[in-house]
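*Asks:* So that we are looking at the same thing, I have put the structure below in structure tokens.
Read-outs: derived from the displayed coordinates by stated rules, not from any lab. Treat the numbers as computed from the prediction; the structure is a model and nothing was measured. Glycine also receives a Cβ, built like all others from the backbone with ideal geometry; neighbour counts cover every protein chain displayed.
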């Protein structure tokens, strides 16, 4: 996962400081007598009190905007183990708490049809790359062919790209009039997720017959392997 950070916002109102109070312990001197703390439920670990951090894990930090009711728990470089309940607590009488469930997901890149795609010579290569679970749409989506960036302005022509960004971003690469040199490994590389690859095979002749022959060869190879296993003395 790329370096990033997330924040959890406490949805709790904090009452203003009363005139008889001398300022709450752990307060920020901006008119609040209650102390806001963040607790992780998984191990009942007190993470922050006010703006002070009470954990050795330096990824955690509390942030408060002065003169506002917004308290945030910042988690830098989130990991899957950070998934779970966190609770914002206020030192009122009785105490007030608000639990928040956090789910950490890792961005996933998928090329439809991977790992292999067979295309008839002269037809169109149509590759679709999907980016799922990314916190934001990828700023850039780079396509590569055999480790080289695809040039959409090359003299070959007939190469186009359509990208639709959203909760699930899709990037569609189309190459018209496929030729033998278009065979190889195509890689989709989002700027905020891991890359994904697919191997394209350009076939001369009937693609359906080719697939049937390929399946027969695989089945025949497995059959020979079974025979070899059963030969005594080997």
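*Asks:* Quick one: the Cα spread of segment 108-203 along its three principal axes, in angstroms, biggest first?
*Replies:* 39, 27, 20
*Asks:* Can you tell me how much longer the chain between residue 106 and residue 45 gets when fully stretched, taken as 0.36 nm per residue apart minus their C-alpha distance, in nm with one decimal?
*Replies:* Values: separation 61, 0.36 × 61 = 21.96 nm, distance 2.45 nm.
So the extension gain works out to 19.5 nm.
*Asks:* May I pose another question? State, to one decimal in nm, how far the label point of residue 163 lies from the label point of residue 176, with both points 7 Å from Cα in the Cβ direction.
*Replies:* For the pair residue 163/residue 176, the computed spacing is 2.3 nm.
*Asks:* Please compute the modelled spin-label separation between residue 70 and residue 146, points set 7 Å along Cα→Cβ, answer in nm with one decimal.
*Replies:* Modelled inter-label distance: 5.2 nm.
*Asks:* Could you tell me what % of all Cα pairs in segment 38-150 have separations over 19 Å?
*Replies:* 63
*Asks:* If you don't mind, another one. Order of 69-82, 43-56, 144-157 by packing, highest average Cβ count within 10 Å first?
*Replies:* 69-82, 43-56, 144-157
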